[in-house]
1. List every residue pair whose Cβ atoms sit under 9 Å apart, with the two residues 6 or more apart in sequence or on different chains, where the first one lies in the stretch 39-64 and is at positive phi and the second, anywhere, is within 14 Å of the ligand (Cβ to nearest atom).
2. Counting just the residues of the stretch 249-263 that are without any contact (Cβ under 8 Å) to a residue 40 or more places away in the chain and closer than 20 Å to Ala9 by Cβ, which one comes out farthest from the ligand (Cβ to nearest atom)?
3. Pull out all pairs, ordered by first then second residue, where Cβ-Cβ is under 9 Å, the residues are six or more apart or on different chains, the first lies in the stretch 188-211 and is in contact (Cβ under 8 Å) with a residue 40 or more places away in the chain and surrounded by 14 or more Cβ atoms within 10 Å (Cβ to Cβ), and the second is part of a loop (DSSP other than H, G, I, E, B) and of a type in the set (Val, Ile, Thr).
4. Taking the residues in the stretch 141-156 that are assigned to a loop (DSSP other than H, G, I, E, B) and among the hydrophobic types (A, V, I, L, M, F, W, C) as candidates, determine which candidate is farthest from the ligand (Cβ to nearest atom).
5. When Pro311 is evaluated against the numbered criteria (1) outside any loop (DSSP other than H, G, I, E, B); (2) modelled with pLDDT of 95 or more, which criterion, by number, is the only one it fails?
6. For the stretch 85-98, state whether one or more residues are in contact with a Gly (Cβ under 6 Å, 6 or more places away or on another chain), outside the structural domain of Arg136 (by TED's automatic domain parsing), outside any strand (DSSP E or B) and within 12 Å of the ligand (Cβ to nearest atom).
Amino acid sequence: MSDILIVGASVAGVRTAQALRTSGCQASITMLSEETELPYDKPPLSKEMLAESSPGTAVPLLSSDEVSALEIDLHIATRAVRLDPDRRVVHTADGREFGYSTLVIATGVRPRTLPGTDGLAGVYTLRQAEDARELRAELPRAKQVVVIGAGFIGAEFASAAVKYGASVTIVEAQATPLAHILGEGVGRQLAGLHALNGVTVLAGEQVSGFLGTDRVTGVELASGRTLPADLVVIGIGTQTNSEWLADSGVPISNGVECDENLRVPGFPEIFAAGDIALRQHPIYQTPVRIEHWTNAGEHGGIVAAAIMGAPSPTSQPPYVWSDQYGRRIQIIGRPSLGHVAVTRGSADEPGFLAVYANAEGICVGAVILDDPRMMLRCRKAIVTGQKAADLDIPTLHREAFAK
Ligand SMILES: Cc1cc2nc3c(=O)[nH]c(=O)nc-3n(C[C@H](O)[C@H](O)[C@H](O)COP(=O)(O)OP(=O)(O)OC[C@H]3O[C@@H](n4cnc5c(N)ncnc54)[C@H](O)[C@@H]3O)c2cc1C
């Protein structure tokens, strides 16, 4: 029996435990992870870990020394399979029971996949360190790489693969990659980065099947075309790891429903954090589920404050970054809540900027390339409700970002 049981030991779970200890929590903390290694960070899996120079080691989130120093009872290779909220017990796949007074659900998401890929070597998704290690081992011998999905993970993988000299093709169902979040114009700008770096994007194409018996040899498209492939990465979005909560009564729709403080309604002793949490967002006054690293870390602080009865940290607008072809893309706020009001430059040069405003002209989001100072200005504009027309946007200062 533990005072606080955290299920999932990635950034949301780890930051919760760290924030609890920082705020003076003396309670016992137990953490369960289905993974077989110590907690590590996920963003480097599609970036540094795929580089030729990578030693294949994941970036740790928590070392064994920190586990001891924080007095966390960490159980790796321990998968939660059922929650019994009446008895306040989590059952695990190895037949054990872990009791709790307070439960934190931080089991995140996993990649969606496609039919016809089971047991087919050479077809991957990318979520865990082992995926990155296997892909890193495949890349030097890959000649024809097909990436399915032009979201950030697909784009980052394409950017890593092309450096090995492989021919890389991205297949994307939308007519313009990322148009659903960033709009057609900005989506086209970012898709242009692929072409600039020798990666082909087949947009508006659906995958209908895979060729190969033991190992993949090709990808079939609904348009009738076949793409030869010796390595395939599927990056078509995610699904929440919430099956273990089925029948528990915990409300689940697009994630675990929770209030502003990440507490689950009807279960005052249960919280959700990170990618799995569908939070009543204090900025947007609506339930929002966000799959970004910064958000998961912030959730750790919010849950810890709620458990300790302390004031909640101020919520920030969503923020995500992506590294592609040596460029840093930053997205702040929620571009999908507005329209493009201001742009600067184009994506083939550093400093490209698109600011999104709502119907009243107020900044709601921005996309920025290689200009972290501008990202901070845009964040301030969003937080203070500034009008896009009043933004003071300096002209490009290329020398600062010249590669
Ligand atoms: C390859 C990759 C690159 C990324 N790059 C960026 C980036 O550049 N910028 C950015 O902002 N975000 C990025 N992200 C997203 C970011 O990493 C996530 O938002 C973040 O990891 C979410 O943390 P989490 O703790 O909520 O969930 P997760 O990281 O998904 O962790 C959940 C953990 O719970 C475990 N688990 C699941 N079910 C169970 C169970 N039943 N029992 C026990 N354990 C369980 C999982 O194995 C996992 O270890 C990236 C993600 C990936 C995969």
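1. Gly56/Met49; Gly56/Ala129; Gly56/Ala132; Gly56/Arg133; Gly56/Arg136
2. Cys258
3. Ala191/Thr176; Leu193/Val199; Ala203/Thr176; Val207/Ile236; Phe210/Thr117; Phe210/Val216; Phe210/Thr217
4. Here is the first cut: in the stretch 141-156, the ones assigned to a loop (DSSP other than H, G, I, E, B) are 142-143, 149-151.
Next cut, among the hydrophobic types (A, V, I, L, M, F, W, C) only: 142, 150.
Numbers: Ala142: 18, Ala150: 15 Å.
Once the filter is applied, the top-ranked residue is Ala142.
5. (1)
6. Looking for residues that are in contact with a Gly (Cβ under 6 Å, 6 or more places away or on another chain), outside the structural domain of Arg136 (by TED's automatic domain parsing), outside any strand (DSSP E or B) and within 12 Å of the ligand (Cβ to nearest atom), one finds none in the stretch 85-98, hence no.
Every residue, every condition in (1) outside any loop (DSSP other than H, G, I, E, B); (2) farther than 30 Å from Thr22 by Cα; (3) assigned by TED's automatic domain parsing to the domain that holds Ala179; (4) away from the ligand (no atom under 16 Å from the Cβ), yes or no:
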site: Gln280; (1), (2), (3), (4): yes, no, no, yes
site: Ile283; (1), (2), (3), (4): no, no, no, yes
site: Ile290; (1), (2), (3), (4): no, no, no, no
site: Gln330; (1), (2), (3), (4): yes, no, no, no
site: Val342; (1), (2), (3), (4): yes, yes, no, yes
site: Pro350; (1), (2), (3), (4): no, yes, no, yes
site: Val355; (1), (2), (3), (4): yes, yes, no, yes
site: Ile368; (1), (2), (3), (4): yes, yes, no, no
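Every residue, every condition in (1) within 9 Å of the ligand (Cβ to nearest atom); (2) modelled with pLDDT of 95 or more; (3) in the same structural domain as Glu291 (by TED's automatic domain parsing), yes or no:
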{"residue": "Ser28", "(1), (2), (3)": "no, yes, yes"}
{"residue": "Leu38", "(1), (2), (3)": "no, yes, yes"}
{"residue": "Val67", "(1), (2), (3)": "no, yes, yes"}
{"residue": "Asp118", "(1), (2), (3)": "no, no, no"}
{"residue": "Tyr124", "(1), (2), (3)": "no, yes, no"}
{"residue": "Asp131", "(1), (2), (3)": "yes, yes, no"}
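The values are calculated or read from the model by the stated rules, or taken from the named source; none is laboratory data. Just so you know, these numbers come straight off a predicted model, no measurement behind them. Because the Cβ atoms are built from the backbone with ideal geometry, glycine has one as well, and the counts that use them run over all protein chains shown.
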